[in-house]
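Reviewing the structure listed below.
Derivation of every value follows stated rules applied to the coordinates shown; laboratory data play no part. Values in this document were obtained by computation on a predicted structure and should not be read as measured data. Neighbour counts are summed over all protein chains in view; Cβ atoms, including those assigned to glycine, are modelled from backbone coordinates with ideal geometry.
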Amino acid sequence: MPNFELLSKPELKAKDEEKVFAKLGMFFNKLKFYKGETIIDVGDKINNFYYLQKGVVRLYISNNQGDLMFYDISAGSGFAEPAFFCGLPSKVRVIAVTDSTILSFPKNLVMSYIDQQDEFIKLIVHMISTKIYLVTTLFENMSNNNSWDKLVKVLYLLSSGGKSSKRVINITHEELASMLGIHRVTVTRNLAKLKKDGLITVNRHSIDINDVNKLVSYF
C-alpha cells in the first residue's frame, strides 16, 4: 500500500507524491477546492478515496441543532475513509478551510489494490474503518435528542459487517443506555417497538438482529 508516512513528510513535494502513487499504479484525478467550498456533504455516497495533497479541510458532524466542528485535517492525510470502506453514507460534512488540492482515487481501483494484499491487512482496514464510523455515529448521537434514531443507528452499526443478515449483539439494555446517554427505560421501550415488528429478539444479555438490512429503513 502507499507509504503514507513518507508521503506526509514536509520535504516531499506534490510532484513527488504523484510519482509515488503512479509508481504504485494508483491513478487519480486532481481536484481543486476553494476556501469555504463543500467537498463532501452528509449522506453522500463515497465512491472515491480522497487524499489531501495541499491545504486544510474541516470535518463537521450535523445534528438537529446544526453543524458541530469535529476536527481539521492537514495535507498528507486521507479523509472520509470510514464511509468509503464501509460502503455507508457519509456521517460528516467536509469543507475546505483553505484553498485545497485533493487527489481522488476511484473505489474500484483502490479495492482492487487492497484485494491483492494479505487477508490480515484487509481485515485490519475493515475493522478500523468500522470502528471510526461507529465513533463518529456515537459523537453525532450524543448531540441528537432523538433517542429512537440513536438506538437504531447504533444497532445497525454494531450488527453490520458480516455476510449474514442475521446477527447477535452481545449487549445489555444497561450497556446500550450508557453508550447512548439515555435512560434504560427508554432503551427498553424502543427495543419493544422493534421486537413487535419482528426485527429483533431480545435476550437477557444479547439482542438478535433478525434482518440487518431492514434496520436502515428505520433511520
Checklist entry - What pairs in 32/91; 30/153; 91/150 have C-alpha atoms more than 25 Å from each other? => result 30/153
Next on the checklist: Amide H of residue 171 versus every other amide H placed in the peptide plane: which residues, excluding those fewer than 5 positions away on the same chain, fall under 5 Å?
Outcome noted: 206, 207
Checklist outcome for this item: Between residue 77 and residue 205, the FRET efficiency computed from the C-beta separation at R0 = 30 Å comes out, to the nearest 0.05, as 0.15
Checklist entry - Using the Cβ atoms and a cut-off under 15 Å, what net charge is assigned to the surroundings of residue 190, where Lys and Arg are +1 and Asp and Glu are -1? => result +3
Checklist entry - Ranked by Cβ crowding within 10 angstrom, fewest neighbours first, how are 218, 156 ordered? => result 218, 156
Next on the checklist: If a paramagnetic tag sat 7 Å from the Cα of residue 54 along the Cα-Cβ line, which residues of region 83-118 would have the backbone N under 14 Å from that point?
Outcome noted: 98-103
Next on the checklist: Can you order the peptides 105-114, 52-61 by their average number of other Cβ atoms within 10 Å per residue, highest first?
Outcome noted: 52-61, 105-114
